[in-house]
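Trainee: I have a structure I would like to understand better, so I am pasting it below and will then ask my questions one at a time.
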Amino acid sequence: MRLTEVEGRSRWQCPSCGYVQYENPVPGVGILIEHGGKLVLVQRDRPPRQGEWALPSGFIEADESVEQAAVREAREETGLDIELIELFGVYSFPEGPPRSGLIIFYRAQPLDVHTLQAGDDARAVALFAPDEFPPICFRTHREVIARWREVHQQMAPGNEVIGPSGMLVRRVRPDDYEQVVRLMKLIPAEAAMTPAEGEHVLAELRSNTSLEVWVVESDAHELVAFCALSFAKTLSETRAWLDALAVETGFRRRGVGRTLFELAMRRARTRGADQLLVDSSRGSPVAQDFYRAVGFGAEEVERIRIR
């Protein structure tokens, strides 16, 4: 093998047969195991960074999927059998250790937290609240934990979220109800809403405990968008309905709708829903294009499976 210029880089190549030894990143997986608002961290018992704290993580074996690797690593390092909630992020670490790689993070929850115990390659394992985290040894773990902490705080009931262009995303308040009714009329199916129907919507907002409504407030303190979720428990699962999502014309194509949709997905997961459903036929052609862009199909009633 000789160092040769190949594809603009210096690579090891066999001068006889032309074989090139490519150095590609190694794929790994990390798991954010959540329980009671806390995360599971492990104290490493092997190099690199022996004795320091990190998320459960490891490299993916050649004969397994990334999801299988996440479940295996969680069991090996923490003793927990887990259920994956969602893909939470992909990060690269060209600096090592010990060689270049990328790591795929999942959110997960334990099936039985009482089996929590340190595995063979962990010195200790414990649950930590967001304000109790010890120093985390790997950069990618620190970055994904910072994102998790931000999302966790944003999705807590009553908390506010800073949305696109600094707009405020928050829970609806009683003094917002009239503006929500005004925004509902932007939905084609509700454009001809009568005063009596508007009063019915107001009554639902005041009394329907299965509704969860979030609004977007501009810097002029005017509501420019909202989404409404409702939840239903069946014999076997919880379902979330995206009942309504409306954005003022002047604020469309600025990420407002996507912010509300992503919030709806997270709230559905937090409430234990298995799928999110929407009746896209009630929306305008622009709204239907939006629903398809975020993952819904072309049927009137479509669903996205969450778990």
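Trainee: Residue by residue through region 217-231, which ³J(HN,Hα) values in whole Hz follow from phi under the Karplus form 6.51 cos²θ - 1.76 cosθ + 1.60 (θ = phi - 60°), with glycine and proline marked x?
Mentor: 10, 6, 5, 8, 6, 10, 6, 10, 6, 7, 9, 10, 10, 10, 10
Trainee: Moving on. When a/c reaches 1.5 or more, the comparison of a/b and b/c decides; with that in mind, is region 26-155 rounded, prolate or oblate per its Cα gyration tensor? Walk me through the intermediate numbers first.
Mentor: Working: a/c = 1.21, a/b = 1.15, b/c = 1.05.
Taking the square roots of the gyration eigenvalues as a ≥ b ≥ c, region 26-155 is rounded.
Trainee: Continuing with this model, one more query. Amide H of T238 versus every other amide H placed in the peptide plane: which residues, excluding those fewer than 5 positions away on the same chain, fall under 5 Å?
Mentor: Those qualifying (amide H under 5 Å, at least 5 residues apart or on another chain) are D274.
Trainee: Moving on. Obtain the nm distance between the two label points defined at S165 and E95 by a simple spin-label model: each point lies 7 Å from its Cα along the Cα-to-C-beta direction.
Mentor: If labels sit at S165 and E95, their model points lie 3.7 nm apart.
Trainee: With label points built 7 Å along Cα→Cβ from the Cα atoms of D219 and Q68, find their separation and express it in nm.
Mentor: In this crude label model, D219 to Q68 measures out at 5.2 nm.
Trainee: In addition: Normalised by the residues of region 26-155, what does the relative contact order come to in percent, with Cα pairs under 8 Å and at least six apart?
Mentor: On the way: 265 pairs, mean separation 42.7, N = 130.
Relative contact order comes out at 33 percent.
Trainee: A further question on this structure: Just one of (i) 18.2; (ii) 21.7; (iii) 15.1 is mean projected area of the Cα convex hull in nm² calculated from these coordinates, so which is it?
Mentor: Of the listed options (i) 18.2; (ii) 21.7; (iii) 15.1, (ii) comes from this structure.
Trainee: Positive end of the dipole of region 196-281, charges at C-beta (+1 Lys, Arg; -1 Asp, Glu), about the Cα centre: which of F251, W214, M265 has its Cα farthest in that direction?
Mentor: M265
Trainee: Answer with one residue from L111, L223, T4: the one whose Cα lies farthest towards the positive end of the charge dipole of the chain, charges on Cβ with Lys, Arg +1 and Asp, Glu -1.
Mentor: My answer, from the dipole projection, is T4.
Trainee: Rounded to the nearest 20 debye, what is the charge dipole size of region 26-155 about its Cα centre when +1 sits on each Lys and Arg Cβ and -1 on each Asp and Glu Cβ? Walk me through the intermediate numbers first.
Mentor: Values: 13 positive and 21 negative charges, 100 e Å.
Here region 26-155 has a charge dipole of around 480 debye.
Trainee: Now, a different point. Would you mind calculating the gained length between V20 and A196 on full extension (0.36 nm times residue separation, minus the Cα-Cα distance), in nm to one decimal? Don't skip to the answer; put the middle values down first.
Mentor: Working: separation 176, 0.36 × 176 = 63.36 nm, distance 7.43 nm.
Result for the pair: 55.9 nm of gain on full extension.
Trainee: Treating only the Cβ of Lys, Arg, Asp and Glu as charged (+1, +1, -1, -1), what charge dipole size does region 1-98 show about its Cα centre? Round to the nearest 20 debye.
Mentor: Working: 9 positive and 17 negative charges, 96 e Å.
With Lys and Arg at +1 and Asp and Glu at -1, about 460 debye.
Trainee: Taking the Cα centre of the chain as the origin, how large is its charge dipole in debye, to the nearest 20, when only Lys and Arg (+1) and Asp and Glu (-1) carry charge on their Cβ atoms?
Mentor: Charge dipole, the chain, about its Cα centre: 500 debye, nearest 20.
Trainee: Show that you can apply the helix-only estimate: for the chain, add -39,500 (n - 2.57) for every DSSP H stretch of four or more residues, divide by all residues, and state [θ] at 222 nm to the nearest 500. Walk me through the intermediate numbers first.
Mentor: Working: 6 runs with 75 residues, N = 307.
Value at 222 nm, helices only, nearest 500: -7500 deg cm²/dmol.
Trainee: I've got another one for you. Using 0.36 nm times the number of residues separating K233 and R49, minus their current alpha carbon distance, what extension gain do you get? Each step should come with its number before you reach the end.
Mentor: On the way: separation 184, 0.36 × 184 = 66.24 nm, distance 4.56 nm.
61.7 nm is the gain from fully extending K233 to R49.
Trainee: Quick query: amide H of D81 versus all other amide H atoms, modeled in the peptide plane; which residues come in under 5 Å with a sequence gap of 5 or more or a different chain?
Mentor: Long-range HN contacts for D81: L111, D112.
No value in this document is a laboratory result; all are computed from the given coordinates. Because the structure is a prediction, the values reported are computed rather than measured. Because the Cβ atoms are built from the backbone with ideal geometry, glycine has one as well, and the counts that use them run over all protein chains shown.
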